[in-house]
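This report refers to the structure that appears directly beneath it.
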Amino acid sequence: MVNVLVVGSGGREHALSWKLSQSPKVDTVFTAPGNGGTENNVPINVDDLDGLSDFAKKNNCFTVVGPEVPLAAGIVDKFNQNNLKVFGPSQKAAQLESSKIWGKNFMKRNDIPTTRFEIFDDAQKAQDYVQSLDYKVVVKADGLAAGKGVIVCNSNEEAFSAIQTILVKKTFGDAGNHIIVEERLDGIEISYIALSDGKIAIPMATSQDHKRIFDNDKGPNTGGMGAYSPTSIIDDALAKKIQEKIIDKTIQAMKNEGISFKGFLYAGIMISNNEPYVLEYNVRMGDPECQPITMRMDFDLYDYFVASVDGKLSSMPPTSWKHQSAVCVVLASEGYPESYVKNEEISGFDSVSNNTHIFHSGTKKLDGKILSNGGRVLGVTALGDSLESAITNAYTAAEKISWPHKYYRKDIGQKGLTYL
Ligand code: AMP
Ligand code: GLY
């Protein structure tokens, strides 16, 4: 038996801990730093690589890294140097996400479908470029900005203001030393997530996130307000195209460049005129996508993580998935993604039925009470025999959970229904 250390504190990490603790091969699952819902929390932050490494060594842990920040900081390289087993990409491989410019140039030189773009560090040159175009743009900070460094622009004026915000006012600090100005695409956005061992990549169940804060995709982008799996937007033909033209090609090209990619590879994809384009790479599971995806897994995730680390995914049996749908409705603090209040007591956990799991993200436990402690607070995730019934089950539970400033979207999954 082995212990597992899950690094992170979001709904994604709660879902991973929950799933891994079901493995007969796993003894204790620790989560660092965890949240009010995870068990065996270890008070070590995700950027304390030495602290995490010491803990993993002392407790004989196989480590699973949830978020991008420690991956970009080189946690996998550090653990490998210390002869510790760790699931996730190396620092070099994590550049696909940690530098959007690196990711874009990688796609360009390897002929992976993405939008047209240019890179700037000079605001005037960026503005002149925008003015010369006859299409709308998206302005992106190069580095990690907690999902906020992307500004989708409706006009040249909005683009100028985005350029000022990132390059001149430095709202995202050094992450905004360089920007990408890229073509804005209209279409349908989906999340395509695969698990790789550096040689092959096996797809996870399909899913779709809901990134905007308000119903009908209005308002600013967030980390994700809800997700469902599977999505019928990705039929077999489209899945094959994405797998071959994007995922397999990425893994092969990384290998050719001497950078083996192990871990979850998540392509944020826009389907435009029936063709998939990569908007961004992430080098980790999506959150909230991870929650409905893990609820549907009918296999031992721990075995696949070990196979990824050992480069042996090709010898694993095919993954099997529950034929049910799963829907995750994120319950957030009113005001998110801007300012919001914390420390409100949450009630209603006991009234949730069997087909539903409440994954925690921004919560903490204090004197036996669960308090809100972040923007995205809970992921209410339900199974159902159809997408429609999973939606009903998730919302039935979501309504039973309460705290004073609870906010959630009322239309999670509806986009999926229109494609059935
Ligand atoms: P990213 O962090 O790069 O995925 O961007 C965040 C969000 O911005 C995406 O999920 C999309 O909704 C939107 N976005 C990014 N790039 C584009 C693009 N080229 N065209 C349209 N929307 C985009
Ligand atoms: N749900 C989007 C992300 O994890 O980046």
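The values are calculated or read from the model by the stated rules, or taken from the named source; none is laboratory data. Since this is a predicted model, take the numbers as computed values, not measurements. Ideal geometry is used to build each Cβ from the backbone, glycine not excepted, and the neighbour counts take in all protein chains shown. The accessibility values were calculated without ligands, DNA or RNA, using every heavy atom of the protein model including side chains. Shrake-Rupley method; radii C 1.70, N 1.55, O 1.52, S 1.80 Å.
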Legend entry - Cα centre as origin, Lys/Arg/Asp/Glu Cβ charges: segment 252-348 dipole, Debye: 380
Inset, instruction - Based solely on C-alpha atoms, express the radius of gyration and the Dmax of segment 337-420 in angstrom. - result: 13.8, 46
Inset, instruction - Pick out which of MET254, MET295, MET316 has the largest mean-square fluctuation in a Gaussian network model of the chain, springs linking Cα atoms closer than 10 Å. - result: MET316
Inset, instruction - Could you go through segment 67-72 in sequence order and give the Karplus-derived ³J(HN,Hα) for each residue, using 6.51 cos²θ - 1.76 cosθ + 1.60 with θ = phi - 60°, rounded to whole Hz, and x for Gly and Pro? - result: x, 6, 4, x, 5, 5
Legend entry - Extreme residue, positive dipole direction of the chain, given options PHE117, ILE180, PHE261 (C-beta unit charges): PHE261
Inset, instruction - Could you quote the convex hull projected area for the chain, Cα atoms only and averaged over all directions, in nm²? - result: 19.4
Legend entry - Solvent-accessible area per residue for the chain (1.4 angstrom probe, square angstrom): 41
Inset, instruction - Please build a GNM for the chain, connecting alpha carbons under 10 Å apart, and tell me which residue among LYS218, LYS170, LYS100 fluctuates the most. - result: LYS218
Legend entry - Rounded percent of accessible protein surface that carbon and sulfur make up, segment 1-151, 1.4 Å probe: 44
Inset, instruction - Considering Cα pairs under 8 angstrom that are at least six residues apart, work out the relative contact order of segment 217-306 and quote it in whole percent. - result: 30
Inset, instruction - Would you be so kind as to identify which of LEU71, PHE214, VAL352 lies farthest towards the positive end of the dipole of the chain, taking Lys and Arg as +1 and Asp and Glu as -1 on Cβ and the Cα centre as origin? - result: LEU71
Legend entry - Span-rule helices in the chain, defined as complete DSSP H runs reaching 15 Å or more along the axis (Cα) with Kyte mean at least -0.5: 387-400
Inset, instruction - Take the alpha carbon atoms of segment 32-46, find their center, do the same for segment 343-420, and report the distance between the two centers in whole angstrom. - result: 20
Inset, instruction - Give the cross-link partners of LYS170 among the aspartates and glutamates, using a straight C-alpha distance below 14 Å as the criterion and excluding same-chain residues fewer than 8 apart. - result: ASP121, ASP122, ASP142
Legend entry - Proximal lysines to LYS322, defined as alpha-carbon separation beneath 22 angstrom and excluding residues fewer than eight positions away on the same chain: LYS19, LYS25, LYS240, LYS415
Legend entry - Cα-centre dipole for segment 317-383 with unit charges at Cβ (Lys and Arg positive, Asp and Glu negative), debye to 20: 260
Inset, instruction - Would you mind getting the Kirkwood hydrodynamic radius of segment 149-198 from its Cα pairs, rounded to one decimal in Å? - result: 13.1
Inset, instruction - Working with all protein chains in place, sort SER161, SER272 by solvent-accessible area computed with a 1.4 Å probe, largest first. - result: SER161, SER272
Inset, instruction - Give the relative contact order (percent, whole number) for the chain; include only Cα pairs under 8 Å separated by 6+ residues. - result: 16
Legend entry - Overall dimensions of segment 158-311 by Cα: Rg and Dmax, Å: 17.0, 49
Legend entry - Dimensionless Rg/Rh of segment 299-384 - Kirkwood Rh, Rg from C-alpha atoms: 1.13
Inset, instruction - Have a look at ASN40, ASN221, ASN274 and tell me which one the Gaussian network model of the chain (Cα, springs below 10 Å) gives the largest fluctuation. - result: ASN274
Legend entry - Check: the chain dipole with +1 on Lys, Arg Cβ and -1 on Asp, Glu Cβ, in debye: 440
Inset, instruction - Work from the charge dipole of the chain (Cβ charges, +1 for Lys and Arg, -1 for Asp and Glu, about the Cα centre) and give the residue of GLY374, GLY416, SER339 farthest towards its positive end. - result: GLY374
Inset, instruction - Find the eigenvalues of the gyration tensor of the Cα atoms of segment 220-337, then list the square roots of 5 times those eigenvalues as equivalent ellipsoid semi-axes, largest first, in whole angstrom. - result: 25, 20, 16
Inset, instruction - Return, ordered by residue number, the residues of segment 336-353 whose backbone nitrogen is under 17 Å from a label point located 7 Å along Cα→Cβ of LEU366. - result: 340-347
Legend entry - Contact order relative to length of segment 297-384, as percent, for alpha carbon pairs under 8 angstrom and 6 or more apart: 33
Inset, instruction - Starting from the Cα-Cα distance between LEU417 and ASP310, subtract it from 0.36 nm times their residue separation and give me the gain in nm to one decimal. - result: 34.6 nm
Legend entry - Most to least packed among 5-11, 247-253 [average Cβ atoms within 10 Å]: 5-11, 247-253
